[in-house]
Each structure stands twice: as C-alpha cells, then as structure tokens.
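Structure, as structure tokens:
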Amino acid sequence: MASARTYTATANEAHLPAEEAEAGKDARIPGANADARRTRDPQASAQQRPEAADSVGMPKRRRLSRSGEFDRVYRDGASHATRYLVLYSFPRKNEDTADVRLGVSVSRKVGGAVDRNKVKRTLREAFWELSERLPEGHDFVAVARPEISGLIEREGLGGVRASLEEALAHTSPGERST
C-alpha cells in the first residue's frame, strides 16, 4: 500500500496573491492600421456598412451567388463553348436593374484551391474588361475547362480575354453548342 505524500513549498517558490491583473488596452479595438473598408460601428446596419468589392473593384451584387440563379442560366440560357471555357448567357426580364451579372464555376479538375482561385480571378477580370460589349440585363456564367490553367500560364489575361471574346461573339439567344 502506498503512503500519502504531502506537498511542502520549497525555497524556490514564492507565494503570489490571487489578484486579477490590471485591465490593459483592449486588443479588439482597432488601431491606426485598421481596415479602412470596415465601419467602426459594430451595430451599424447592412445598409450603412461599405459595400464589399471583388478583386477588380466591381461590387459583389454584380455576381451570381445562389445555386438557383446558376441553374436558371444553365437551363434557360444560350451557351457557346471554346476549348477553354463554356459561356452561358440568359436575358433577365421583369427586373428593375439592367446590370450585367457574372457567375464563375471552376471544378476540381482544374487543380487545387490556389489554382482554382487564380482561374476565377482571371476570368472575372477578363470578363469585366469586356463589359462595354455586354448586353444589359443579362446573367452570364463562365464554366472553366481544365485546359484553362495552361492558357493562363502561356498567355495570361490576354488569352482568357480572347477566349471570352470568341464565346461572346458566337452566343446569341436560343443558340446552344457544346
């Protein structure tokens, strides 16, 4: 049977009173280098907060975000395929806004997350550079094919823009190609 041991303090240990540390500067309060796009008022409503923008400065509201919106464009829209992408277009009717909206779909066949995000950013940038040629009140979905990674490596933004121009030139209402 083991004997019970008692703890005794040694000369190396000191007795510290159980006091709370003084309250210091709150680390949650933003300093001079705080994000300029964020509001300082955490209670601000969504309308008062600055609108988030994507990498090329377009507001996020010009993006398709819900699966139902993508499905409608796939199901009822016109499409044209190139070697590097498929571009679907759908004219919206009975809506207040004449904005052009874009959705981008990049599958895992293109590569890992870093590669897919690079493809998405490049597609968005190339698409919005062509915005003056786009018909008002349309939704577009660009579906990247696996070969687009090689195009971006070889030709960069210009190659993607040329592929989008080719798809836009051949896409008209009622036409479908694969």
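We did not get these values from a lab; they are worked out from the coordinates using the rules stated. Treat the numbers as computed from the prediction; the structure is a model and nothing was measured. A quick note on method: Cβ atoms are made from the backbone with ideal geometry, for glycine too, and the neighbour counts reach across all protein chains shown.
The table for this structure:
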read-out	value
5 angstrom amide H check on THR82, placed H, neighbours 5+ away	LEU87
Dimensionless Rg ratio for region 62-170, taking C-alpha atoms and the 2.2 N^0.38 Å reference	1.01
Low-density loop cleavage sites - chymotrypsin sites (Phe, Trp or Tyr not before Pro) in region 64-136, where at most 14 other Cβ are within 10 Å (DSSP)	none
Estimated distance in nm for a label pair at ALA113 and SER65, the labels positioned 7 Å out from Cα along Cα-to-Cβ	2.0
GLY137 long-range amide H proximity, modeled H, under 5 Å	ASP99, VAL100
Candidates per GluC sites (Glu not before Pro) in region 138-170, loop by DSSP, up to 15 other Cβ within 10 Å	GLU147
